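Asks: Have a look at this one.
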Amino acid sequence: TDGHEFGLAPGQMAPVAFLPAADDGWEVLATQAGGERPMVLRKKFKDWTSVYSAVPHLSPKVLRDLGRTAGLHVYCESDDGCYPSSVMVGLHAITPGAKTLCFPKKQERFYDLVTGKTLATQTDRVELQAEFGKTYLIGWE
């Protein structure tokens, strides 16, 4: 978790949580700021990984890192909203500028589902110059 601190500031109401036992194969990934109480735990099973969080909001970077360590493909390294499916990827730009989407495999053509415009060919990456607040829908063939 790269040294992130989680939880509420001292004096604020703490989340009510029933945490799994850390000694039952659960790995403690984060503790309460200034304390020893586990707040984020992970347990790896043969075919899947479980993550338990008593933290009300995990950052996009932490969620990407958790997904990556569980074997998931990460499409976008920015904190923009990224919504992949088996037939398209949606990207909602929360900041303007260059965005790169990385796909699990090379495709013949990536295109904008709204305009039909070709965005990239013979690659596994799509690069966009995104406008703040705009949502892009990208398909492939």
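Asks: Below 23 Å, Cα to Cα, which lysines can LYS44 reach? Residues fewer than 8 away in the same chain don't count.
Replies: Answer for LYS44, where 23 Å is the Cα cut-off: LYS61, listed by chain and number.
Asks: So which chymotrypsin sites (Phe, Trp or Tyr not before Pro) in segment 57-141 pass both tests, a DSSP loop state and at most 13 other Cβ atoms within 10 Å of the Cβ?
Replies: PHE132
Asks: Something else about it: Of LYS106/LYS134; LYS43/LYS106; LYS46/LYS105, which ones are farther than 27 Å apart at the Cα?
Replies: Violating the 27 Å Cα-Cα cut-off are LYS43/LYS106.
Asks: State the extension gain, in nm to one decimal, for the chain segment bounded by VAL28 and LYS106, taking 0.36 nm per residue of separation less the distance between their alpha-carbons.
Replies: Value of the extension gain: 24.4 nm.
Asks: Under a plain spin-label model, where a point goes 7 Å from the Cα along Cα-to-Cβ, how far apart in nm are LYS61 and THR115?
Replies: The answer from the label model is 3.2 nm.
Asks: Return the equivalent ellipsoid semi-axes of segment 49-121 as a descending list in whole Å, where each equals the square root of 5 times an eigenvalue of the C-alpha gyration tensor.
Replies: Result for segment 49-121: semi-axes of 26, 15, 10 Å.
FYI, it's all coordinate maths here, none of it is from the lab. Just so we're clear, the structure is a prediction, and the values are computed from it rather than from any experiment. In this analysis, Cβ positions are derived from the backbone assuming ideal geometry, glycine residues included, and neighbour counts consider all displayed protein chains.
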